[in-house]
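First comes the structure, then the notes that go with it.
The values are calculated or read from the model by the stated rules, or taken from the named source; none is laboratory data. None of the values given here were measured: they were computed from a predicted structure. We place every Cβ from the backbone using ideal geometry, glycine too, and count neighbours over all the protein chains shown.
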Protein chains: 2
Amino acid sequence: MKEQFVSYIRELQNTITSRLEELDGKATFVQDKWQRPEGGGGRTRVIENGNVFEKGGVNISEVHGKLPESMQQYFGVNDADFFACGLSLVLHPENPFVPTVHANWRYFELYDEKGEIATQWFGGGQDLTPYYLFEEDAMHFHKVCKQACDGHNPNFYPKFKERCDEYFFNSHRGEARGIGGLFFDYLKETDKMTMKQWYDFVTDVGDSFLEAYVPIVEKRKNIQYNTENRDWQEIRRGRYVEFNLVHDKGTLFGLKTNGRIESILMSLPPYVQWRYDHHPAEGSEEEKLITVLKNPADWV
Amino acid sequence: MKEQFVSYIRELQNTITSRLEELDGKATFVQDKWQRPEGGGGRTRVIENGNVFEKGGVNISEVHGKLPESMQQYFGVNDADFFACGLSLVLHPENPFVPTVHANWRYFELYDEKGEIATQWFGGGQDLTPYYLFEEDAMHFHKVCKQACDGHNPNFYPKFKERCDEYFFNSHRGEARGIGGLFFDYLKETDKMTMKQWYDFVTDVGDSFLEAYVPIVEKRKNIQYNTENRDWQEIRRGRYVEFNLVHDKGTLFGLKTNGRIESILMSLPPYVQWRYDHHPAEGSEEEKLITVLKNPADWV
């Protein structure tokens, strides 16, 4: 499973970065390979100052060794060896009418004293963060998410859509980070699902990413925008930063356990604003977005 | 003590905001009074788009009621009533050669079942975050901090200076947020110090703030700067955001216990940048700053 999923994310990283470079038409991904002193490493690919993408990263990592102490408590185990691998991506477009997107697909193994697998699970998902709400884009993104789920179990989409709304929530603001998508974690073997079936599910979601996101970018990337649109985007990006630094478990885990900082924080947007007590004008497009973020909608 | 310190911070807020308005010469502080549903409230004063100050706040609050659950564990007590008051300020100048400053002075009371004071303490400090290092400014700031301490106990300055270096540290970056100052907490009655003596100490530090900061602003506010200087300032402001959202106990406590979000997050800078794996040029002024942040210096 480990080898199979590692091959999968390596190939997916290639597929996604090629397609995004083609879409951007100007910037290319710059690759940094890094080693983790305690075991493993990664391949970070970052794009900056493109025609479409102002900043973004599509990163893979495979790490292993002794489970860090901070994570022992989290998983409720003592001394144990672990293996973790995954692909993480965040894309911040320059045009405020093109949404930011985040996706992640990961696999985890914990070993017993004999070095055999004690537990294993998949996690991940994909979610969209628009600055202006185009309902047809939200519907398209969720429809593709649903299609990737439905072949496996008709309950998956509603369940993992709800988890996404719950997880990507800035509780201190009382609003969602974006308009959601899918989020799942601890996908372990049950009497209904083997690990092989979870693998098929997670890779189907991974395979759906470009179809979910690229058509939206193509449709919106040439919309004219002004300074007000851009200010709004940068203010909203501030909320993205707040979520990632205050609430996101993956980011905090990375920061507190000696992860590769630059690979973790590639998720932060390039230009960001904070204004005191900012509120969009009543009846504006900006306010329309906030209304949906405060009350997550059903899109399919 | 409670009444005395509340009067003190109210007056100090007036003194500081008047002097800063005079220094800015263009923008004035806008005041928001707010109530806390569970008891108490505050007076937030924010300045934006000035000649000198791009964004900043000088806020006071007095809150009381039942100690929130999250704080019970933190203080190691069960159900208890509390009272807390303080002044918090952060100023982000527009000119990259003028440092950002933060200060806070606070007083806390915890009550027993009879409503009598079970514990009481002071906390706070002041610290400087330059974007370009002028050693004479760092020396001036620390000299004023030391003078405020020395009349009370010659050990206070070295002790609280060290605590400041330890506290305002971005451990995930291996660098300090700025060049420090003073940080102290849990200043409780001992056989050497009565609460009245701690009050005198904390208010002497409060009274020293303008003397510590204003001469630096006056000296640097008219230095010409270019886009590169400004980019550097905005990138460094990113580290300020990282500290406040990831490590600062006050901010996180506020965010997780239904504090007034806009008053807490007034500390975040107006324009901020994140670039992937950014490093200043070898031998540059920007690199000189980083060297000091990685190895906090003795300034007096």
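Starting from residues that are assigned to a strand (DSSP E or B) and under 17 Å from the mean Cα position of the chain (by Cα), keep the ones in segment A:109-140 and report whichever is nearest to residue A:199 (Cα to Cα). Can you show your working first?
Of the residues in segment A:109-140, the ones assigned to a strand (DSSP E or B) are A:109-111, A:117-129.
Imposing the further condition that a residue be under 17 Å from the mean Cα position of the chain (by Cα) reduces the set to A:122-129.
Numbers: A:122: 8, A:123: 10, A:124: 12, A:125: 13, A:126: 16, A:127: 20, A:128: 23, A:129: 26 Å.
Selected residue: A:122.
Any residue at all in segment A:116-134 that's among the acidic types (Asp, Glu), without any contact (Cβ under 8 Å) to a residue 12 or more places away in the chain and within 14 Å of residue A:179 (Cβ to Cβ)?
Step one: filter segment A:116-134 for residues among the acidic types (Asp, Glu), giving A:116, A:127.
Restricting the remaining residues to those that are without any contact (Cβ under 8 Å) to a residue 12 or more places away in the chain gives A:116.
Narrowing the set further to residues that are within 14 Å of residue A:179 (Cβ to Cβ) leaves none.
Scanning segment A:116-134 turns up no residue that is among the acidic types (Asp, Glu), without any contact (Cβ under 8 Å) to a residue 12 or more places away in the chain and within 14 Å of residue A:179 (Cβ to Cβ).
Residue A:212 passes all but one of (1) of a type in the set (Gly, Ala, Ser); (2) within 14 Å of another protein chain (Cβ to nearest Cβ); (3) touching a residue at least 12 places away in the same chain (Cβ under 8 Å); which number fails?
Going through the list (1) of a type in the set (Gly, Ala, Ser); (2) within 14 Å of another protein chain (Cβ to nearest Cβ); (3) touching a residue at least 12 places away in the same chain (Cβ under 8 Å), residue A:212 breaks only (2).
Which condition from (1) within 14 Å of chain B (Cβ to nearest Cβ); (2) out of contact with any strand residue (DSSP E or B) (no Cβ under 7 Å at 6 or more places or on another chain); (3) under 30 Å from residue A:233 (Cβ atoms); (4) of a type in the set (Ser, Thr, Tyr) is the one that residue A:100 breaks?
Among (1) within 14 Å of chain B (Cβ to nearest Cβ); (2) out of contact with any strand residue (DSSP E or B) (no Cβ under 7 Å at 6 or more places or on another chain); (3) under 30 Å from residue A:233 (Cβ atoms); (4) of a type in the set (Ser, Thr, Tyr), the lone unmet condition for residue A:100 is (2).
Need the failing condition index for residue A:1 against (1) closer than 21 Å to residue A:261 by Cα; (2) modelled with pLDDT under 95, just the number.
(1)
Tell me, which strands (runs of 3 or more DSSP E) wholly within segment B:24-93 include 1 or more residues that are of a type in the set (Val, Ile, Thr), at pLDDT 95 or above and buried (at least 20 other Cβ atoms within 10 Å of the Cβ)? Break it down stepwise before answering.
Working: elements: B:30-35, B:40-48, B:53-66, B:81-93.
Passing ranges, in order: B:40-48, B:53-66, B:81-93.
Do we find that residue A:152 is farther than 27 Å from residue A:238 by Cβ, touching a residue at least 40 places away in the same chain (Cβ under 8 Å) and touching a helix residue (DSSP H, G or I) at 6+ places or on another chain (Cβ under 8 Å) in this structure? Lay out the reasoning, then the answer.
Values: farther than 27 Å from residue A:238 by Cβ: yes; touching a residue at least 40 places away in the same chain (Cβ under 8 Å): yes; touching a helix residue (DSSP H, G or I) at 6+ places or on another chain (Cβ under 8 Å): yes.
Considered against the rule, which asks whether it is farther than 27 Å from residue A:238 by Cβ, touching a residue at least 40 places away in the same chain (Cβ under 8 Å) and touching a helix residue (DSSP H, G or I) at 6+ places or on another chain (Cβ under 8 Å), residue A:152 comes out as yes.
Could you please find all residues in segment A:80-132 being within 29 Å of residue B:275 (Cβ to Cβ) and of a type in the set (A, V, I, L, M)?
The answer is A:84, A:87, A:89, A:90, A:91, A:98, A:101, A:103, A:128.
Does residue A:253 satisfy being part of a helix (DSSP H, G or I), more than 10 Å from chain B (Cβ to nearest Cβ) and either farther than 17 Å from residue A:128 by Cβ or polar (S, T, N, Q) (or both)?
yes
Just one of A:262, A:218 is farther than 18 Å from residue A:126 by Cβ and either of a type in the set (Lys, Arg) or touching a residue at least 40 places away in the same chain (Cβ under 8 Å) (or both); which is it?
Working: A:218 fails: farther than 18 Å from residue A:126 by Cβ.
Sole residue among the options that is farther than 18 Å from residue A:126 by Cβ and either of a type in the set (Lys, Arg) or touching a residue at least 40 places away in the same chain (Cβ under 8 Å) (or both): A:262.
Inspect all residues belonging to segment B:95-115 and state whether any of them is hydroxyl-bearing (Ser, Thr, Tyr) and surrounded by 21 or more Cβ atoms within 10 Å (Cβ to Cβ). Steps first, please.
Of the residues in segment B:95-115, the ones hydroxyl-bearing (Ser, Thr, Tyr) are B:100, B:107, B:111.
If we keep only those that are surrounded by 21 or more Cβ atoms within 10 Å (Cβ to Cβ) too, we end up with B:100, B:107.
Yes, some residue in segment B:95-115 is hydroxyl-bearing (Ser, Thr, Tyr) and surrounded by 21 or more Cβ atoms within 10 Å (Cβ to Cβ).
Scan segment B:222-250 for residues that are free of Cβ contacts under 8 Å to residues at least 24 places away in the same chain, surrounded by fewer than 17 Cβ atoms within 10 Å (Cβ to Cβ) and part of a helix (DSSP H, G or I) and jot them down.
Correct list: B:227, B:228, B:249.
Of A:217, A:300, A:272, which residue is among the β-branched types (Val, Ile, Thr) and within 30 Å of residue B:233 (Cβ to Cβ)?
Working: A:217 fails: within 30 Å of residue B:233 (Cβ to Cβ); A:300 fails: within 30 Å of residue B:233 (Cβ to Cβ).
Result: A:272 is the single residue among A:217, A:300, A:272 that is among the β-branched types (Val, Ile, Thr) and within 30 Å of residue B:233 (Cβ to Cβ).
Checking the condition of a type in the set (Phe, Trp, Tyr), under 19 Å from residue A:292 (Cα atoms) and at pLDDT 95 or above, which residue from A:201, A:169 passes?
On the way: A:201 fails: under 19 Å from residue A:292 (Cα atoms).
So the residue among A:201, A:169 that is of a type in the set (Phe, Trp, Tyr), under 19 Å from residue A:292 (Cα atoms) and at pLDDT 95 or above is A:169.
Could you check segment B:256-282 and list, in sequence order, the residues that are more than 8 Å from chain A (Cβ to nearest Cβ) and of a type in the set (D, E, K, R)?
Step one: filter segment B:256-282 for residues more than 8 Å from chain A (Cβ to nearest Cβ), giving B:257-260, B:263-264, B:267, B:278-282.
If the condition is that a residue be more than 8 Å from chain A (Cβ to nearest Cβ) and of a type in the set (D, E, K, R), then B:260, B:282 are the ones that fit.
Please go through segment B:14-55 and pick out each residue that is within 14 Å of another protein chain (Cβ to nearest Cβ), out of contact with any Asp or Glu (no Cβ under 8 Å at 6 or more places or on another chain) and in contact (Cβ under 8 Å) with a residue 40 or more places away in the chain.
B:34
If a residue must be in contact with a helix residue (DSSP H, G or I) (Cβ under 9 Å, 6 or more places away or on another chain), aromatic (Phe, Trp, Tyr), part of a helix (DSSP H, G or I) and within 24 Å of residue B:110 (Cα to Cα), how many such residues does segment B:176-214 contain?
Looking only at that region, the number is 2.
Just need a number here: residues in segment A:256-291 that are touching a Leu at 6+ places or on another chain (Cβ under 6 Å), part of a helix (DSSP H, G or I) and buried (at least 19 other Cβ atoms within 10 Å of the Cβ).
First, pick out the residues of segment A:256-291 that are touching a Leu at 6+ places or on another chain (Cβ under 6 Å): A:274, A:288-289.
Those still in the list that are part of a helix (DSSP H, G or I) too: A:288-289.
Then keep just the ones that are buried (at least 19 other Cβ atoms within 10 Å of the Cβ); that gives A:289.
Number satisfying all stated conditions: 1.
Failed condition for residue A:294, given (1) within 19 Å of residue B:261 (Cβ to Cβ); (2) of a type outside the set (Gly, Ala, Ser); (3) surrounded by 15 or more Cβ atoms within 10 Å (Cβ to Cβ), with all others met?
Tallying (1) within 19 Å of residue B:261 (Cβ to Cβ); (2) of a type outside the set (Gly, Ala, Ser); (3) surrounded by 15 or more Cβ atoms within 10 Å (Cβ to Cβ), residue A:294 fails exactly one: (3).
Would you mind stating whether residue B:199 is surrounded by 15 or more Cβ atoms within 10 Å (Cβ to Cβ), aromatic (Phe, Trp, Tyr) and in contact (Cβ under 8 Å) with a residue 60 or more places away in the chain? Break it down into steps so the answer makes sense when it comes.
Working: surrounded by 15 or more Cβ atoms within 10 Å (Cβ to Cβ): yes; aromatic (Phe, Trp, Tyr): yes; in contact (Cβ under 8 Å) with a residue 60 or more places away in the chain: yes.
Against the criterion (surrounded by 15 or more Cβ atoms within 10 Å (Cβ to Cβ), aromatic (Phe, Trp, Tyr) and in contact (Cβ under 8 Å) with a residue 60 or more places away in the chain), residue B:199 qualifies.
Kindly indicate whether any position in segment B:146-164 is of a type in the set (Ser, Thr, Tyr), in contact with an Asp or Glu (Cβ under 6 Å, 6 or more places away or on another chain) and either in a strand (DSSP E or B) or farther than 23 Å from residue B:6 by Cα (or both). Outline the logic, then answer.
Our first condition is that a residue be of a type in the set (Ser, Thr, Tyr); within segment B:146-164, this holds for B:157.
If we keep only those that are in contact with an Asp or Glu (Cβ under 6 Å, 6 or more places away or on another chain) as well, we get none.
No: zero hits.
To keep it simple, each residue is scored yes or no on (1) over 19 Å from residue A:250 (Cα atoms); (2) more than 14 Å from chain B (Cβ to nearest Cβ); (3) not polar (S, T, N, Q).
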position	(1), (2), (3)
A:125	no, yes, yes
A:128	no, yes, yes
A:149	yes, yes, yes
A:156	yes, yes, yes
A:175	yes, no, yes
A:183	no, yes, yes
A:200	yes, yes, yes
A:205	yes, yes, yes
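If a residue must be over 17 Å from residue B:212 (Cα atoms) and either in contact with a Gly (Cβ under 6 Å, 6 or more places away or on another chain) or surrounded by 15 or more Cβ atoms within 10 Å (Cβ to Cβ) (or both), how many such residues does segment B:138-155 contain? Spell out the reasoning first.
Going through segment B:138-155, the residues over 17 Å from residue B:212 (Cα atoms) turn out to be B:152-155.
Next, only the ones that are either in contact with a Gly (Cβ under 6 Å, 6 or more places away or on another chain) or surrounded by 15 or more Cβ atoms within 10 Å (Cβ to Cβ) (or both) stay: B:152.
Going through segment B:138-155 one residue at a time, the tally reaches 1.
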